[in-house]
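S.K.: One structure is given below, represented as structure tokens, and several questions about it will come after.
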Amino acid sequence: MTLESMFIPFPSEIIMIPAGYYAAGTDNPEITLAIVILLGTAGSIFWALINYYIAVYGWEKISKKLLWEEKHNIGMDFFKKRGDITTFVCRLIPVVRQVISFPAWLFRMDIKKFIFYTWSGAFIWVSFLALVWYYFGNNPRLIEQYKLQLIVGGCILLVLAIIWKIYFIKKLKMRWKK
């Protein structure tokens, strides 16, 4: 999970799915579902905080040069109003979850809020991946029984994420054009 937060193209699914599956199939008290979720969430937060502090040192100057002062100020206003929900939701979106730490600091999101919303989003994502395979991984009949619902549910979530992303990008572009 730490690797995923480092910009390395390493999807969380590669580690959390087998971890949930393994936790279900072992009697080892050191590998429980709760420990898998706790460690996965901690790994996500660990590098997110490093990214946050990397942004502290020098990225604001780069942002002002790349975005111009006016666009930088628009980003600051946006993060003051919606930084908390943006950080939370972005932690649930593949690819975006790796980079949300930079704008969070760049636009001066409070560190306590950043930790809370990063933890919340990472916890939900990690829990989802681990839980699905904890309950379904060792029961092929259960997967077969709910295959259609899982596929439809996944497609609905994907469509909702795409709609939200399109809406978010359009709204952001409209603000930046002003």
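S.K.: Rg and Dmax of segment 71-157 over Cα atoms: what are they, in angstrom?
M.R.: 17.0, 55
S.K.: When you count, for each residue, the other Cβ atoms within 10 Å and take the mean per peptide, how do 88-99, 122-133 rank with the highest first?
M.R.: The packing order, highest mean first, is 122-133, 88-99.
S.K.: Also, quick follow-up: Which of the peptides 104-117, 12-25 is most tightly packed, and how do the rest follow, going by the mean number of other Cβ atoms within 10 Å of each residue?
M.R.: Ranked by mean Cβ neighbours within 10 Å, highest first: 12-25, 104-117.
S.K.: Another question, if that's okay. Estimate the FRET efficiency between Ile111 and Cys155 by the formula 1/(1 + (r/R0)^6), using the beta-carbon distance for r and 30 Å for R0, to the nearest 0.05.
M.R.: Details: r = 37 Å, r/R0 = 1.23.
Here the calculated transfer efficiency is 0.25.
Just so you know, all these numbers are worked out from the coordinates, no wet-lab data involved. Every value quoted in this text rests on a predicted model; they were computed, and no experiment measured them. In this analysis, Cβ positions are derived from the backbone assuming ideal geometry, glycine residues included, and neighbour counts consider all displayed protein chains.
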